Amino acid sequence: MPSRDEILKAFDCINVWSRGLERAPHKPLLVLYALGQLTRDGQNLISFRDLAPKLTELLKEFGPTRTSYHPEYPFWRLQNDGVWIVDDADHLKRRSGQTDIPKRELLNNNVHAHFTDEIATSLQRDPSLLADIALRLLDGHFPTSIHQDILDAVGLELNLTETVTRRKRDPSFRGRILAAYGYSCAVCGFDVRLGSQIMGLEAAHIQWHQAGGPDEESNGLALCSLHHKAFDLGAFTIHPDRVLLVSKQAHGQQSFDDWLLKFHGHPIRPPQRESYLPASAFLDWHEREVFKRPSRELSVVG
Ligand SMILES: [Zn+2]
């Protein structure tokens, strides 16, 4: 039976960003989904037929915009991490010269997969181990502002204030970013205080901390909680000329117009120094890896 540390280590290996700055949320989202099913139903076995549409939705919502989505990749490749087994794997047909199994083959054969028996038993015996794995995956791949959204989407209940294994951030980043933007949201100017306390204002990384984005002013934006979450989910991005662009996928009624659409095509509020302006490299990363492309057209703005 592997020890607690050995199991944590095995899941930590999933945390490697093998392709540099390109986001790879497939395996983390699959594991979080499987952990959710295990806690909810006590069920370790997952059929690819059930998983494929759900994981595709998770990839669309929490992953970068791509021309196609591939739930079959993590379903198959997670085997390489030593935590996951695809049943009857030897009987499946590969395309010549490829190691992956085509989606169609997984669907037609109604293929099932699961965590190894040792891991499933350990997870069921020790809920804190399951929580640790989930928190490490969240911390490793997604900004804090959307952790709860992901947990809700995969049906996992965790206490996000647990700090035991969580990574420490540069505590000065928040203060420096808020000061750079005069303690107000760079999009809407929100600057409500409760007594002398600033309320609902946060320092956002443009290129995520998880993707190696530095704790520098040129990689930060002061945003109210709502605009922070919308930015981290890709509902809008900032063009290198500082103009805010809203995604075509974001929509709603009056509140959407008031809260987001009216800023479309307009420059964000500048920071106090020119050297604090968001750097193009970080904005490009956000547009490529987070923003839900394409943006709305600029000409339709009234
Ligand atoms: Zn705001």
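What follows is calculated from the coordinates using simple rules that are stated; it is not laboratory data. Since we're looking at a predicted model, the values are computed, not measured. Don't worry about glycine lacking a Cβ; one is built from the backbone with ideal geometry, like all the others, and counts go over all protein chains shown.
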query = Which is farthest toward the positive dipole end of the chain among Ala89, Leu156, Leu58, measuring Cα position about the Cα centre, with Cβ charges +1 (Lys, Arg) and -1 (Asp, Glu)?
reply = Leu58
query = Which residue, Asp232, Asp12, Asp90, has the most motion in a Gaussian network model of the chain that connects Cα atoms within less than 10 Å?
reply = Asp90
inquiry  = Please list log₁₀ I(q)/I(0) at q = 0.08, 0.17 Å⁻¹ for the range 4-154, using the Debye equation with identical point scatterers on the alpha-carbon positions.
reply    = -0.21, -1.01
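Helix check for the chain. Which DSSP H runs span at least 18 Å along their own axis by Cα, with a mean Kyte-Doolittle hydropathy no less than 0.5? Before the final figure, lay out the partial values.
Numbers: long enough: 26-41 (22 Å, 0.15); 48-62 (20 Å, -0.17); 127-141 (21 Å, 0.64).
Result, helices passing both filters: 127-141.
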ask   = What do you get when you divide the Cα radius of gyration of the chain by 2.2 N^0.38 Å, with N the number of residues?
value = 1.09
inquiry  = Run the simple label-point estimate for Lys248 and Arg104 please: 7 Å along Cα→C-beta, distance reported in nm.
reply    = 2.8 nm
query = Between Ile85 and Thr161, what length comes free when the chain is fully extended (0.36 nm per residue of separation minus the Cα-Cα distance, one decimal in nm)?
reply = 24.2 nm
task = Grab the beta carbon distance between Glu6 and Met199, set R0 = 30 Å, and tell me the FRET efficiency rounded to 0.05.
result = 0.10
task = Anything over 18 Å Cα to Cα? Flag those among Lys60/Lys248; Lys9/Lys60; Lys27/Lys229, in the order listed.
result = Lys9/Lys60; Lys27/Lys229
query = What is the extension gain from Asp149 to His266, computed as 0.36 nm multiplied by their sequence separation minus the C-alpha to C-alpha distance, in nm to one decimal?
reply = 39.3 nm
note = Calc'd 3J(HN,Hα), the range 185-199, phi into Karplus 6.51 cos²θ - 1.76 cosθ + 1.60 (θ = phi - 60°), Hz, glycine/Pro = x, comes to 5, 5, 8, 10, x, 3, 8, 6, 10, 10, x, 9, 8, 6, 10
inquiry  = If every alpha-carbon in the range 189-280 counts as one equal scatterer, what log10 I(q)/I(0) does Debye give at q = 0.11 1/Å?
reply    = -0.33
remark   = Non-local residues with an amide H under 5 Å from the amide H of Val111, with H modelled 1.01 Å from N and Pro and chain starts lacking one, are Phe48, Arg49
request  = Would you work out the charge dipole size for the range 171-289 about its Cα centre, treating the Cβ of every Lys and Arg as +1 and the Cβ of every Asp and Glu as -1, and quote it to the nearest 20 debye?
outcome  = 220 debye
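Nothing charged except the Cβ atoms of Lys and Arg (+1) and of Asp and Glu (-1): what's the magnitude of the dipole of the chain about its Cα centre? Round to the nearest 20 debye. Intermediate values should be presented prior to the final figure.
Numbers: 35 positive and 39 negative charges, 129 e Å.
The dipole magnitude comes to about 620 debye.
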remark   = Summing -39500 (n - 2.57) over every DSSP H run of at least 4 residues in the chain and dividing by its residue count gives a helix-only mean residue ellipticity at 222 nm, to the nearest 500 deg cm²/dmol, of -11500 deg cm²/dmol
task = Could I have the simple spin-label model distance between Ser68 and Trp259, label points 7 Å from Cα toward Cβ, reported in nm to one decimal?
result = 3.6 nm
ask   = Contour minus end-to-end for Arg95 and Arg40, with contour as 0.36 nm per residue of separation and end-to-end as the Cα-Cα distance?
value = 16.2 nm
